[in-house]
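The values are calculated or read from the model by the stated rules, or taken from the named source; none is laboratory data. Everything numeric here is computed off the predicted structure, so don't read it as measured data. Cβ placement follows ideal geometry from the backbone for every residue including glycine, while neighbour counts extend to all protein chains displayed. Accessible surface areas use protein heavy atoms only, side chains included; no ligands, DNA or RNA. Shrake-Rupley method; radii C 1.70, N 1.55, O 1.52, S 1.80 Å.
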Amino acid sequence: MTETAMTISEGVVAALIVIGALLCAVSSFGLVRMPDVYTRSHAATKASTLGVMSILVGAFLYFLVHHGVTSAKMLLAIAFVFATAPVAGHLIGRAAYRSGVPLSERTVQDDLAKRVGARRHSGED
């Protein structure tokens, strides 16, 4: 591989890792600044999932380009984070809502109130 190609690939890897780190930082600020469990869960799952995936993709590309190693573990980690983090965030929000954790006073609309209330009164769940 030529030196120019190595420099370009190092730039791409560095950009992915920096973008991932910035997204993880945004996620951590969101966890601190958001008013309730629902918006905190949103901040934790969206930004951190993209951040961790960017870092893992950057590491995968680094090892692929510089060492010629394709890591199945890295690919599995990327798939695992992509599949589980959003689902976990959804389930945490769902459990919080069903257990009666209040929404923030700044919440404008509660789309589930009618649906969950109707299920509670009909005996379904």
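Observations on the model:
- Filtered residue count, region 38-54, keeping only those that are at pLDDT 90 or above and over 12 Å from the mean Cα position of the chain (by Cα): 0
- Answer residue from region 102-117, given it is among the aliphatic types (A, V, I, L, M) and open to solvent by 60 Å² or more (accessible area, probe 1.4 Å) and is modelled with the lowest pLDDT among those: L112
- Cβ-Cβ under 6 Å pairs, at least 6 apart or on other chains, region 32-45 side in contact (Cβ under 8 Å) with a residue 12 or more places away in the chain and over 18 Å from S99 (Cβ atoms), far side of a type in the set (G, A, S) and open to solvent by 90 Å² or more (accessible area, probe 1.4 Å): none
- Odd one out for S28, checked against (1) under 30 Å from L103 (Cα atoms); (2) open to solvent by less than 40 Å² (accessible area, probe 1.4 Å); (3) of a type in the set (G, A, S); (4) without any contact (Cβ under 8 Å) to a residue 24 or more places away in the chain: (2)
- Scanning region 90-101 turns up at least one residue that is open to solvent by 50 Å² or more (accessible area, probe 1.4 Å), in contact with a helix residue (DSSP H, G or I) (Cβ under 6 Å, 6 or more places away or on another chain) and of a type outside the set (D, E).
- In this entry, A5 is excluded by the filter for residues that are modelled with pLDDT under 90, under 25 Å from V101 (Cα atoms) and of a type in the set (A, V, I, L, M).
- Where helices (runs of 4 or more DSSP H) fall entirely within region 1-105, those with at least 2 residues that are under 29 Å from V116 (Cα atoms) and touching a Leu at 6+ places or on another chain (Cβ under 6 Å) are at 37-67.
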